[in-house]
């Protein structure tokens, strides 16, 4: 079984599809080229909540996110 990577690279695209990935591990790249990994805990029209590997909740505004990567089963 292989994995396929889904890439959301537009703010509007992220806003429309981010709720599909609630409870899943995602990778985000911020506009300052910082990468974050964690589980998507919550999402709304303006921000997402990501739980990192240390179980700390981090809130990111959608306008600061450049890309979202999600690994899916192919």
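The values are calculated or read from the model by the stated rules, or taken from the named source; none is laboratory data. Source: prediction; values computed, not measured. Ideal geometry is used to build each Cβ from the backbone, glycine not excepted, and the neighbour counts take in all protein chains shown.
Of these, 18, 48, which one is in a strand (DSSP E or B) and surrounded by 13 or more Cβ atoms within 10 Å (Cβ to Cβ)?
48
Could you grab me the full set of residues in the range 21-45 that are surrounded by 15 or more Cβ atoms within 10 Å (Cβ to Cβ) and not in a strand (DSSP E or B)?
Residue satisfying the conditions is 21 alone.
Considering only the range 33-71, state which residues are without any contact (Cβ under 8 Å) to a residue 40 or more places away in the chain and in contact with a helix residue (DSSP H, G or I) (Cβ under 7 Å, 6 or more places away or on another chain).
40, 43, 45, 46, 47, 48
With the checklist (1) exposed (fewer than 13 other Cβ atoms within 10 Å of the Cβ); (2) at pLDDT below 95 in hand, flag the one item residue 56 doesn't pass.
(2)
If a residue has to be in contact with a strand residue (DSSP E or B) (Cβ under 8 Å, 6 or more places away or on another chain), over 13 Å from residue 69 (Cβ atoms) and touching a residue at least 24 places away in the same chain (Cβ under 8 Å) to count, how many in the range 3-32 make the cut?
3
Determine whether residue 30 is closer than 22 Å to residue 4 by Cα, out of contact with any helix residue (DSSP H, G or I) (no Cβ under 9 Å at 6 or more places or on another chain) and at pLDDT 95 or above.
no
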